[in-house]
Amino acid sequence: MEINLMEKIVSLCKRRGFIFPSSQIYGGINGFWDFGPLGVLLKNNIKELWWREMVLKNDNIYGLDSTIIHNPKVWQASGHTTFFTDPLRECKKCHQRFRADKLTKTQCPECNGELTAVKQFNLMFATHVGPTQDSANSAYLRPETCQGIFINFRSVVDTFHPKMPFGIAQIGKGFRNEITTGNFIFRDREFEMMELEYFVRPGEDENEFENWKEKRLNWHLKLGIKKEKLRFCEHPKESLAHYSKRTVDIEYHYPFGWSELEGIANRTDFDLKNHAKHSKQNLFYKDDEGKEFYPFVIEPSVGVERLTLAILADAYYEDSQRICLRLKPILAPYKIAVFPLLANKPELKTKAREIYETLKKNFSVIWDDIGNIGKRYRRQDEIGTPWCVTYDFESIENNTVTVRDRDSMKQVRIEIGKLVDYFSKEIYE
Ligand code: GAP
């Protein structure tokens with residue numbers, strides 16, 4: 001296990017403002033993480049790329065932003081109040097709680113105490129809506145975003161009249177009261193999910209499932225994740241979620257081993273059928289021939305934090321001279337850093353600042369004039385900035401700047417007027 005790598009990533013994330021433990025000044029809170037100034041830039045880039053790939057590029061996929069709290073009947077219909085559980089055992093001596101399916105011994109792993117029998121623990125966070133705290137007002141924070149999609153199925157169909165197949169996509173927070181958290185941001189109690197529910201004709205589900213498997217793997221490769229660190233993993237029948245006919249995970253080789261990055265599930269017509277039954281509403285899809293049916297659903301679902309961790313682990317590079325995040329430019333928090341060669345020379349600083357302001361209109365750019373150039377390069381390498389632009393004495397002579405590449409460390413001179421074009425090509429082509 002590359003424990004060392006994990007520690008290095010955690011430390012870099014904290015040191016450079018990517019990710020902080022939530023509520024840190026009060027000792028933190030297990031399973032919750034805050035994204036700092038650089039983390040939020042990276043995370044927003046990831047979400048934007050997903051949205052572009054799933055919604056903007058496809059005429060037949062619609063976006064949605066539903067609420068986090070639904071009518072609690074939603075979770076009865078979806079089966080979550082009954083089935084969304086993990087097996088739990090508690091130590092009778094130290095009262096620590098463990099996921100029974102992850103235990104490797106029959107005694108408490110912490111104090112060797114005797115463990116209770118297995119009981120099922122529901123992972124949904126309960127809350128109350130309104131000022132009265134009784135069971136009539138209890139509700140849940142959503143553990144998955146897709147139920148918001150199923151309960152809006154009728155509204156989307158009635159307003160947009162989509163033809164089969166079509167999809168509804170959503171990005172949003174999910175909450176799970178995980179028995180054990182860990183591995184940094186891998187398993188959290190609050191996290192973000194990016195989910196697509198793709199509605200297909202029954203009978204076309206198996207083909208579509210294969211299509212989405214390939215599309216989703218290719219998307220991760222396009223983000224720059226190394227091919228040898230990704231693989232498919234088929235869920236055995238006996239461990240399928242209560243709604244699934246088939247699930248295949250895309251696993252990433254995290255520093256702690258292979259683990260789920262994204263799940264692709266064939267949810268059949270389970271959700272629509274159950275919501276129709278519980279809500280007594282018509283959730284059929286009616287095709288052009290007047291045939292009514294419940295569509296089957298293929299669902300690719302990926303956690304933003306898990307993907308962020310995979311991207312960070314994959315991009316982390318170090319040698320004897322430097323630490324570097326080799327992020328694809330499109331993902332990097334800042335695309336370009338702009339420096340004057342010397343901070344105390346106004347003729348360099350003023351011009352460098354002008355370049356900075358121009359580039360800022362087009363890209364996410366950072367200014368740095370602290371310390372020597374070598375130190376500035378190292379700082380930018382560590383946060384994954386692909387290019388550093390330096391305005392130096394030669395710039396005054398011929399209107400060019402040096403552009404230094406993060407990965408090769410090579411420098412080229414480019415005319416100031418051509419910088420926007422140059423970077424646009426490098427980032428978007
Ligand atoms: N709607 C389908 C669904 O919820 P899931 O496999 O339970 O399926 C989907 O979750 C994705 O959400 C996972 O592949 C993972 O990326 C992410 N995820 C699940 N639980 C998580 C947790 N506790 N912390 C962070 N990410 C999580």
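The values are calculated or read from the model by the stated rules, or taken from the named source; none is laboratory data. Quantities reported herein were computed from a predicted structural model and do not represent experimental measurements. Cβ coordinates were reconstructed from backbone atoms using ideal geometry, including for glycine residues, and neighbour counts include every protein chain displayed. In case anyone asks, the SASA skips ligands and DNA or RNA and just uses the protein heavy atoms, side chains included. Shrake-Rupley method; radii C 1.70, N 1.55, O 1.52, S 1.80 Å.
Contact map, the stretch 390-405: residues that are aromatic (Phe, Trp, Tyr) paired with residues that are in a strand (DSSP E or B), Cβ distance under 9 Å, separation 6+ or inter-chain. Pairs shown: TYR391/VAL338; TYR391/PHE339; TYR391/PRO340; TYR391/VAL401; TYR391/THR402. Of all residues in the stretch 133-170, which are aliphatic (A, V, I, L, M) and buried (at least 21 other Cβ atoms within 10 Å of the Cβ)? Hits for the stretch 133-170 are ILE149, ILE151, ILE168, ALA169. Residues in the stretch 75-93: is at least one touching a helix residue (DSSP H, G or I) at 6+ places or on another chain (Cβ under 7 Å), at pLDDT 95 or above and over 18 Å from LEU123 (Cβ atoms)? No, because not a single residue in the stretch 75-93 is touching a helix residue (DSSP H, G or I) at 6+ places or on another chain (Cβ under 7 Å), at pLDDT 95 or above and over 18 Å from LEU123 (Cβ atoms). When the stretch 252-271 is filtered for residues that are within 14 Å of the ligand (Cβ to nearest atom) and open to solvent by less than 20 Å² (accessible area, probe 1.4 Å), the ones remaining, listed by number, are TYR252, TYR254, LEU261, GLU262, GLY263, ILE264, ALA265, ASN266, ARG267, ASP271.
Scanning the stretch 241-251 for residues that are in contact with a helix residue (DSSP H, G or I) (Cβ under 7 Å, 6 or more places away or on another chain) and within 9 Å of the ligand (Cβ to nearest atom) returns TYR243, ILE250. Condition (residue is touching a strand residue (DSSP E or B) at 6+ places or on another chain (Cβ under 6 Å) and either assigned to a helix (DSSP H, G or I) or within 30 Å of ILE298 (Cβ to Cβ) (or both)) applied to the stretch 40-48: is it met by at least one residue? Yes, the stretch 40-48 contains at least one residue that is touching a strand residue (DSSP E or B) at 6+ places or on another chain (Cβ under 6 Å) and either assigned to a helix (DSSP H, G or I) or within 30 Å of ILE298 (Cβ to Cβ) (or both).
Of all residues in the stretch 294-304, those satisfying the criterion of being touching a strand residue (DSSP E or B) at 6+ places or on another chain (Cβ under 6 Å) and not small (Gly, Ala, Ser) are PRO295, PHE296, VAL297, ILE298, GLU299, PRO300, VAL302, VAL304.
For the stretch 340-357, state whether one or more residues are part of a strand (DSSP E or B) and crowded, with 17+ Cβ neighbours inside 10 Å. Checked the stretch 340-357: at least one residue is part of a strand (DSSP E or B) and crowded, with 17+ Cβ neighbours inside 10 Å.
Among the residues examined, LEU325 does not qualify as at pLDDT 95 or above, within 16 Å of the ligand (Cβ to nearest atom) and not polar (S, T, N, Q).
Checked against the criterion of being within 15 Å of the chain's Cα centre (by Cα) and either touching a residue at least 40 places away in the same chain (Cβ under 8 Å) or open to solvent by 60 Å² or more (accessible area, probe 1.4 Å) (or both), the candidates HIS242, HIS220 yield just one match: HIS220. Search the stretch 171-186 for residues being buried (at least 17 other Cβ atoms within 10 Å of the Cβ) and part of a strand (DSSP E or B), and hand back the single one that is nearest to the ligand (Cβ to nearest atom). The residue in question is GLY174.
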